[in-house]
Structures are given as structure tokens and as C-alpha cells.
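**Student:** My questions will all concern the structure given below.
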Amino acid sequence: MRSWSTNFLGQRRLVAASVFVVMMAVMGLIASPVPAILQAQTEDAVWVRVQATGTLRVGTAADYIPFAYRTSATEFDGYDVALIQAIGQELGLQVEITDIAFDGLLGALQLGQIDVAIAALSITPERSAVVDFTNVYYVGQDAVIAKPQSPIVVNTVEELASYRIGVQRGSVYEGWLRDTLVAPGKLAAEKLFVYGSTPSAVYDLRHGLIDLLVLDASSAEAYVQRGSVKLVVEGLNKQRFAMAVPKGANALREAINSTLSELQAEGRVVELAQRYLPLSASEVQPLPVASPTPTCLDGATLVDQNLATLPVVAPGQSFQKVWRIRNSGTCVWNNAYVLTYAGGNDPAAQMSGAPLPVQGTVASNQEYIFTLNLVAPLATGLYQGAWELHNSQGASFGERLWVAAQVPGPPTPAPTPTPASQSNIQFSADRTYVRAGECVNFYWRVENVSAVYFYALGEEAAGVGGVDQRTRCPTSTTTFELRVSAYDGSQIIRQITVSIDSAQTPQIRRFDLYPGGQVNLGQCVTVAWDVTGQVNYVRIRRNSQSLWDGAPLMGSFQDCPSQPGVADYLLEAQGPNGASSTHRTIVVAGP
């Protein structure tokens with residue numbers, strides 16, 4: 001038996017010709033695969049286990065259309081999956097795919113949870129220190145784009161330094177630009193604009209807020225074909241991608257190398273590329289660069305999850321999803337570890353679920369139960385959402401946790417109770433996840449009952465009105481109850497749990513104005529900023545005027561106040577765990 005696995009990686013431009021060229025290069029790197037396998041087999045425990053079980057455990061990040069994703073039937077599909085299945089069949093192995101947060105793939109390899117990691121992994125010295133890589137099977141390249149009417153011409157990397165450049169945070173291109181242009185002083189740090197997503201960067205490019213955008217060639221090609229941007233240059237920075245295996249898994253690595261060569265020679269790799277890659281190339285974005293954890297390894301293994309049977313929930317209906325997870329890493333979880341929504345097949349797939357911090361501590365190999373409160377969307381359809389664990393540094397890890405629900409039709413109005421013995425209870429809150437000290441508003445409407453009580457667990461019950469509201473500001477995760485006494489003497493209880501966010505809010509590392517202090521009317525001010533952490537949205541204002549809504553995470557621009565007086569600049573950064581803001585003030589002197 002032999003063994004295999006692969007995943008397409010962060011750069012997206014794979015046409016049949018480029019696949020063939022790269023795979024031919026791979027073939028050239030393998031002079032004599034069979035003897036190498038036989039020699040390595042005696043010292044490769046991973047390969048021995050794969051042969052004994054007949055199963056290859058593959059880790060990927062299944063949120064990467066069209067390479068790896070889940071279908072409407074919750075099954076894995078895409079170019080990577082099809083290629084893995086083809087090679088598994090060639091090797092006589094069953095391919096067992098696990099959806100793991102991208103940042104946790106190398107850790108899962110080190111912990112022995114998977115045999116192969118395939119998820120946009122470029123070969124870097126840092127990664128090579130903790131895992132081994134197969135032969136290169138894809139060479140990706142960059143592209144530089146501008147707005148359609150731009151006259152900019154670029155032929156070398158150094159020529160980029162004359163412009164305002166946008167790039168996606170965590171992509172290989174950000175690191176490349178920092179090392180090549182910013183570190184040597186060729187490009188001012190204020191002229192590098194770092195974005196959380198490519199669509200927002202393209203929007204700013206088209207509106208003249210940046211001059212150039214550096215991204216993957218295939219993603220750039222999708223925007224060029226729409227006519228929304230023009231291609232300036234490509235191929236300034238080529239990336240080599242390969243699969244990762246555990247350190248010392250030499251027989252497994254050699255088996256993968258030889259099998260890739262065989263499939264390429266048969267033309268099957270090109271066939272799969274032609275079949276899958278044109279499907280949704282415009283949706284593919286660069287994945288963040290993962291880095292190994294130096295002190296301990298984070299890992300999470302799902303003990304039970306059933307996606308085969310989809311729950312059918314009425315529109316607007318509240319329901320719960322429960323997962324039992326084992327801490328399969330070496331780090332101890334505490335309340336800085338948070339279960340966070342990672343995306344889904346529809347904007348409503350989050351289903352009002354809020355981030356869940358771990359309560360207490362969870363030692364290595366212990367199990368923990370997450371109970372997620374959800375509300376079904378109002379629109380009919382199938383909703384699939386992925387959740388993943390984040391550690392205290394905000395890095396994701398472990399198996400992704402999926403929740404799926406089928407909403408069959410429009411909401412059915414609740415009947416108006418007619419008998420005196422029938423109670424109608426409505427109990428809600430404006431939010432269920434806040435930072436410590438933030439307030440929550442509770443609302444209720446109760447009819448045909450004898451008494452109503454509202455209280456937090458552990459408090460004395462207080463009588464309230466049937467149609468009423470209360471505001472509470474909990475400092476820790478708290479469950480609030482509405483207890484209703486019916487006319488027949490029965491008690492009805494409704495509960496709402498408010499979770500307190502223990503994760504860090506976005507961090508504003510820099511917000512500067514220069515010149516500072518005082519400027520003359522008509523003089524311009526340079527505004528520069530740098531925001532880190534989990535950030536969804538950045539806004540910059542002067543007094544009550546919005547200067548840049550949806551600003552990048554890092555960048556600069558010039559503002560020229562048109563009125564004398566005090567100019568108060570505000571930077572706001574919003575994230576899934578809260579918001580941060582800071583002010584800078586200057587005086588604008590009149591004529």
C-alpha cells in the first residue's frame with residue numbers, strides 16, 4: 001500500500017498549463033521514488049500506521065471554495081477533495097478528511113491527530129522547522145491591479161514604492177512587501193494599507209483611496225474579467241506550495257511524491273483542475289499565515305457531532321446545538337479560549353449565535369461541552385455554519401464545529417390565547433454577549449397569568465408587570481429567569497443567559513497626526529493608524545464628519561480641515577469581541 005493527500009494552496013491561478021509545468025517539475029525532483037519509499041518505510045511510524053489501518057487522515061480548512069468546502073448535503077467537495085480521493089483510490093487507502101481551523105493545522109500534525117495537512121501552505125523556514133514538506137506541486141504568483149483608468153505602469157518590485165499599496169492581512173504578500181520594501185526603507189510604513197478582506201480593498205482601490213492592490217493572480221484575474229480593475233503586472237513574487245507531514249514521516253512523504261507524479265503523467269491532475277477551478281475562482285481569498293505555538297500546542301477533537309440528520313426548525317425558533325469536545329492539545333484552556341463563528345453558506349448561517357468563552361479550565365485530554373443558543377432565520381432554506389476555537393492570542397485551532405438547520409417555511413403567527421388557563425409568554429433580550437459592565441435590556445409580554453417575577457439566578461425573585469422591561473449590567477456570565485405563575489397554580493420559567501466576553505477587543509497600536517498641535521487653515525494633516533487583533537470594521541472621523549468608513553487595518557491619508565477651531569479625530573475599531581476607540585486633537589488656526 002501507498003499513501004497520499006493534497007490540497008490546493010493560497011494562490012489561486014491554476015490553469016491546466018501551469019499545473020502541468022509544476023507537476024513536471026515535481027517529477028524531475030523524484031529520481032527514484034520506490035527505493036526511497038522502501039528505505040524510509042522502516043523508520044516512519046506514520047506510514048506504518050497508515051498501512052496497518054488502510055486510512056489516511058487528512059486535515060484541511062473546508063471554507064475555501066472551490067478547493068475545499070461543504071456541499072448542501074454537508075459533504076466535503078472541491079478540487080482538493082477530489083484530488084485526495086483520486087490519489088487515495090490509486091493508493092488503495094481510505095481518505096478521512098477532518099475540517100481543522102487553518103491556524104491549527106501544523107499543531108494537529110505535531111500532535112499526531114492527522115497524517116497530512118493540505119491548506120494553502122507555502123514552504124517557509126519557520127514551518128520547515130516543525131514539519132516536513134512534500135515536493136512542490138503548485139507555484140502561485142502575485143498580481144498587481146489598479147482601477148481601470150489608472151495610468152500606472154510597474155515593471156519591478158522597487159517601482160511599487162512610489163504608490164499607496166493595499167494588501168490582505170496575514171497573506172504571504174503582506175510579509176513579502178514588508179520584507180522587500182518596508183524593512184529596507186524603500187516604502188514608508190504609512191503607504192502600506194493592510195486590509196481584513198480583499199473585497200474591501202478592491203472597493204477602496206476603485207474609489208481612489210489606494211493606488212495599487214497586491215493579491216493572488218487568479219483572484220485578480222476574476223476582478224479583471226468583470227472590468228472593475230486593470231492588471232498592472234504579475235509574477236513579481238512567486239510562491240511554492242506543498243503538503244505538510246509530521247517530522248520524520250519520510251515514507252509517507254515519498255509515497256505522496258511518487259503518486260503525484262503518476263497522476264500527473266496520466267493527465268488526471270489537469271482534468272480535475274479544469275473541472276473544479278473555474279467554478280468560483282472569484283471567491284477565493286488568501287488564507288492567513290499560520291505560525292507554530294512555541295510553548296504548548298493547542299488542539300481540539302470533536303467527540304460527537306451528527307450532521308447526517310438535519311434539524312427542521314420553524315422560522316425564528318430558538319434552539320440549541322451541543323458539542324462535546326476533547327482538549328487534544330497540551331495547552332490548558334481557560335476563559336480566554338472562545339468558541340467563535342467562522343462563516344457559513346449564507347450570511348444568516350450564524351443564526352444569532354454569540355461567541356462562547358470556556359468556563360473554568362480544561363486540562364489536556366479532558367472533555368468539555370459547548371451549548372450554543374441559536375435562532376433560526378426567518379427565510380426558508382438550508383443554513384450551515386462553522387464555529388472554531390480561538391486561543392488567548394486569537395489564533396484558531398482544532399476541528400471546526402458545524403451546525404446545520406433546515407427552515408421549512410415562513411413563520412407561523414402565534415395564536416392568541418382564549419381560555420383563561422392558557423398563558424402567552426414572550427421573553428427576549430437585545431443581546432446575549434457583552435463585555436463586563438455593559439448593559440442588556442430585557443423585554444417581556446405575559447398574558448393570562450396571576451403573577452410574573454424577574455431575577456438573576458441566585459437573586460431574590462422580584463415581582464414585575466406583565467408588560468415590562470428591565471436593564472441589567474452583569475459583570476460575569478449570568479442566567480436571568482422570568483417566572484410566571486399561571487391561574488391553575490403551575491409555574492412556567494423562561495431563561496436567557498448573558499455571556500461575558502473575556503477575549504481581547506481590537507488593539508489600536510498607533511493613531512498619529514502630523515504635524516500635531518496646531519496647523520493653519522488650508523494646511524493638510526497626515527492621519528496614520530495601525531489596528532491589530534480580531535477586527536471587523538474600522539472608521540475614522542473628524543468631529544462629526546466621516547473621513548473613512550471601512551478603513552483598512554493599517555494605513556494613512558491626508559485630511560485638510562476647512563474650518564478653524566478644534567479638530568477632534570476619532571479612530572474606532574469594531575470586532576466580534578467588542579470595540580476600541582481613541583482620539584487625537586489639533587487646533588486649526590484661522591487666517
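The values are calculated or read from the model by the stated rules, or taken from the named source; none is laboratory data. It should be emphasised that the depicted structure is a prediction, and the values quoted were computed from it without experimental measurement. Using ideal geometry, Cβ is built from the backbone for each residue, glycine included, and neighbour counts are taken over all protein chains shown. To get the accessible areas, we keep the full protein, side chains included, count just its heavy atoms, and leave off ligands, DNA and RNA. Shrake-Rupley method; radii C 1.70, N 1.55, O 1.52, S 1.80 Å.
**Student:** Relative to the compact globular guide of 2.2 N^0.38 Å, what is the alpha carbon radius of gyration of region 301-363, as a ratio? Could you put the intermediate results ahead of the total?
**Tutor:** Details: Rg = 14.1 Å, N = 63, 2.2 N^0.38 = 10.6 Å.
Here the answer is 1.33, to two decimals.
**Student:** Using +1 at the Cβ of each Lys and Arg and -1 at the Cβ of each Asp and Glu in region 432-498, identify which of LEU482, VAL449, THR497 lies farthest towards the dipole's positive end.
**Tutor:** With unit charges placed on the Cβ atoms, the residue in question is THR497.
**Student:** Using θ = phi - 60° and the Karplus curve 6.51 cos²θ - 1.76 cosθ + 1.60, what whole-Hz ³J(HN,Hα) does each residue of region 365-382 get, with Gly and Pro shown as x?
**Tutor:** 6, 8, 9, 9, 10, 9, 10, 9, 7, 10, 10, 5, x, 7, 7, 5, x, 9
**Student:** Stretched out fully, how many nm does the piece from VAL224 to GLN558 gain, at 0.36 nm a residue minus the Cα gap?
**Tutor:** Working: separation 334, 0.36 × 334 = 120.24 nm, distance 2.89 nm.
Length gained, VAL224 through GLN558: 117.3 nm.
**Student:** In whole Å and largest first, what semi-axes does the C-alpha gyration tensor of region 490-549 yield when each eigenvalue is scaled by 5 and square-rooted? Can you show the working numbers first?
**Tutor:** Numbers: eigenvalues 362, 48, 17 Å².
Listed largest to smallest, the semi-axes of region 490-549 are 43, 15, 9 Å.
**Student:** Using alpha carbons only, what's the Rg to Rh ratio of region 445-490 with Rh from Kirkwood?
**Tutor:** Values: Rg = 11.6 Å, Rh = 11.6 Å.
Ratio of gyration radius to Kirkwood radius for region 445-490: 1.01.
**Student:** Turning to a different aspect of this structure: Are there any GluC sites (Glu not before Pro) in region 452-499 that are in a DSSP loop and have at most 16 other Cβ atoms within 10 Å? List them by number.
**Tutor:** Details: sites: GLU459, GLU460, GLU481; in loops: GLU459, GLU460.
Answer in residue order: GLU459, GLU460.
**Student:** Also: Please go through region 490-590 and write out the chymotrypsin sites (Phe, Trp or Tyr not before Pro) that DSSP classes as loop and that have at most 11 other C-beta atoms within 10 Å. Write down the numbers at each step before the final one.
**Tutor:** On the way: sites: PHE511, TRP529, TYR537, TRP548, PHE557, TYR569; in loops: none.
Within region 490-590, no chymotrypsin sites (Phe, Trp or Tyr not before Pro) qualify (loop, at most 11 other Cβ atoms within 10 Å).
**Student:** Can you figure out the FRET efficiency of VAL322 with SER150, using R₀ = 56 Å and their beta-carbon distance, to the nearest 0.05?
**Tutor:** Working: r = 53 Å, r/R0 = 0.94.
Efficiency computed from Cβ-Cβ geometry: 0.60.
**Student:** Let me ask you something else. Would you check the accessible area of ARG49, probe 1.4 Å, heavy atoms only, in square angstrom rounded to 10?
**Tutor:** Solvent-accessible area, nearest 10 Å²: 70 Å².
**Student:** I would also like to ask the following. If I take R0 = 45 Å and measure r between the Cβ atoms of GLN94 and GLN426 in this structure, what FRET efficiency does the formula 1/(1 + (r/R0)^6) give, to the nearest 0.05? Intermediate values should be presented prior to the final figure.
**Tutor:** Details: r = 51 Å, r/R0 = 1.13.
Step by step, r from the Cβ atoms, then E = 0.35.
**Student:** Now for a different question. For region 524-591 and region 380-400, compute the distance between their C-alpha centroids and round to whole Å.
**Tutor:** A separation of 31 Å, based on Cα centres.
**Student:** While we're on this one: With N residues in region 210-250, what two-decimal value do you get for its Cα radius of gyration over 2.2 N^0.38 Å?
**Tutor:** On the way: Rg = 16.0 Å, N = 41, 2.2 N^0.38 = 9.0 Å.
Here the Cα radius of gyration is 1.77 times the empirical estimate.
**Student:** For ALA300, enumerate residues with amide H under 5 Å from its amide H, sequence gap 5+ or separate chain, H modeled in the peptide plane.
**Tutor:** SER328, GLY398, GLU399
**Student:** Under 18 Å between alpha carbons, and skipping anything fewer than 8 positions from LYS186 in its own chain: which aspartates and glutamates qualify?
**Tutor:** GLU158, GLU159, GLU174, ASP211
**Student:** Exactly which trypsin sites (Lys or Arg not before Pro) in region 107-179 are in a DSSP loop and have at most 14 other Cβ atoms within 10 Å?
**Tutor:** Taking region 107-179 and a limit of 14 other Cβ atoms within 10 Å, no loop trypsin sites (Lys or Arg not before Pro) are found.
**Student:** First compute the accessible area of region 69-191 with a 1.4 Å probe, then give the percent of it belonging to carbon and sulfur atoms.
**Tutor:** On the way: 2090 of 4370 Å².
Solvent-exposed carbon and sulfur of region 69-191 make up 48 percent of the total.
**Student:** What whole-number distance in Å separates the alpha-carbon centres of region 205-250 and region 346-378?
**Tutor:** 34
**Student:** Excluding same-chain residues fewer than 8 positions from LYS191, which lysines have a Cα within less than 29 Å of its Cα?
**Tutor:** Straight-distance partners of LYS191: LYS147, LYS230, LYS238.
**Student:** Here is a further query. Which whole-number value in Å² is the accessible area per residue of region 133-215, probe 1.4 Å? It would help to have the intermediate numbers written out before the result.
**Tutor:** Values: 3060 Å² over 83 residues.
Averaged over the residues of region 133-215, the accessible area is 37 Å².
**Student:** Compute the Rg/Rh shape ratio of region 135-264: radius of gyration over Kirkwood radius, all on alpha-carbon atoms.
**Tutor:** Values: Rg = 17.4 Å, Rh = 16.1 Å.
Taking Rh as the inverse mean 1/r over Cα pairs, Rg/Rh reads 1.08.
**Student:** Could you list which residues have their amide H under 5 Å from that of VAL144, counting only those 5 or more apart in sequence or on another chain, with H placed in the peptide plane?
**Tutor:** Correct list: VAL232, VAL233, GLU234.
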